[in-house]
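Encoded as structure tokens, the structure appears first; notes follow it.
The values are calculated or read from the model by the stated rules, or taken from the named source; none is laboratory data. On a predicted model such as this, the values are computed, not experimentally measured, just so you know. Here Cβ is always computed from backbone atoms with ideal geometry, including for glycine, and neighbour counts include all displayed protein chains.
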Amino acid sequence: MYKSEFFVYEQGKPYSVCIRNYTKDDFDGLIEIQSECFPPPFPSDLWWNKEQLANHVELFPEGALCVSVDGNLAGSLTGLRVNFDPAHPDHTWEDVTDNGYIRNHLPDGNSLYIVDISVRPNYRKLGLGKLMMQAMYHVVIEKGIDRLVGGGRMPGYHKEASSMTPEQYLEKVMAGELKDPVITFLLRCGRVPVAVVKDYLEDEESGNYAVIMEWKNPFKNEGVPGNGI
């Protein structure tokens, strides 16, 4: 099981941080975090429920991480294992995650798929999302999984949709000409775009599009020019 304790600093002030696997005792707090991260008009029935969370800790506890700051629950990151083929990236969030219930988790799946990442708004300046993502990279390496992958929303796209395609929007974000709250964050975490997919999730801000983004296990990245293989 995973547990890492350390300090982060914001404006010179230290905060005690712990990243660990979440358990049944955390369920109420995790649902509260979802309500803060996805307020109305986001439908409340899409927040975590206790049956989903119970599946996370039973079926793939290594993929159920949370972060606390000074003892207060501040965020979570959830994943499952699937078989993912980058040559055929089209899928929906509902299908690949079993609508968040992860009953389709494959213990020997070649990829760790990110179901959700959430950080309380009041704690977002501490870089907790990136720290949890890095912790999940440790899981990928420890278990010898090929990659970490997931779909990134494009919540800034609706502002530009009348003048460019989602692919063009992604190009401008990657060039630094535009900044997207999610895609820019994932790029900073080391994730690399694989493809833009449509109808990934009912998401008006993103036009229902998402960018499938991966992080390859550097210890299993074979056949890349210049790596000595």
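For (1) surrounded by fewer than 18 Cβ atoms within 10 Å (Cβ to Cβ); (2) not aliphatic (A, V, I, L, M), each residue gets a yes or a no:
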residue	(1), (2)
I141	yes, no
G144	yes, yes
P166	no, yes
Y169	no, yes
P181	yes, yes
S206	no, yes
V211	no, no
- [ ] For P61, work out the one condition from (1) closer than 14 Å to D26 by Cα; (2) in contact with a helix residue (DSSP H, G or I) (Cβ under 8 Å, 6 or more places away or on another chain) it doesn't fulfil.
- [x] (2)
Task: Residues (of a type in the set (S, T, N, Q) and closer than 13 Å to L65 by Cα) located in segment 103-145 - done: S118, Q134
Open item on the list: Being part of a loop (DSSP other than H, G, I, E, B) and basic (K, R) is the requirement here; does R124 meet it?
Closed with: no
Task: Selection within segment 39-88 - in contact (Cβ under 8 Å) with a residue 24 or more places away in the chain, in a loop (DSSP other than H, G, I, E, B) and either surrounded by 16 or more Cβ atoms within 10 Å (Cβ to Cβ) or touching a Gly at 6+ places or on another chain (Cβ under 9 Å) (or both) - done: W48, F60, N83, F84
Task: Count - residues of segment 143-170 that are touching a Phe, Trp or Tyr at 6+ places or on another chain (Cβ under 9 Å), under 30 Å from C18 (Cα atoms) and free of Cβ contacts under 8 Å to residues at least 60 places away in the same chain - done: 2
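Under the condition of being β-branched (V, I, T) and assigned to a helix (DSSP H, G or I), which residue from segment 179-209 is nearest to the chain's Cα centre (by Cα)?
Step one: filter segment 179-209 for residues β-branched (V, I, T), giving 182-184, 192, 194, 196-197.
After this cut, where a residue has to be assigned to a helix (DSSP H, G or I) as well, the list is 183-184.
Values: I183: 11, T184: 13 Å.
My answer is I183.
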Task: Of the criteria (1) surrounded by fewer than 20 Cβ atoms within 10 Å (Cβ to Cβ); (2) touching a strand residue (DSSP E or B) at 6+ places or on another chain (Cβ under 8 Å), which one V119 fails - done: (1)
Open item on the list: Cβ contacts < 6 Å: first residue modelled with pLDDT of 95 or more, restricted to segment 176-189; second residue of a type in the set (A, V, I, L, M, F, W, C) and surrounded by fewer than 16 Cβ atoms within 10 Å (Cβ to Cβ), any location; separation 6+ or different chain. Result?
Closed with: none
TODO: Restrict the check to segment 24-34 and report whether at least one residue is modelled with pLDDT of 95 or more and in a strand (DSSP E or B).
DONE: no
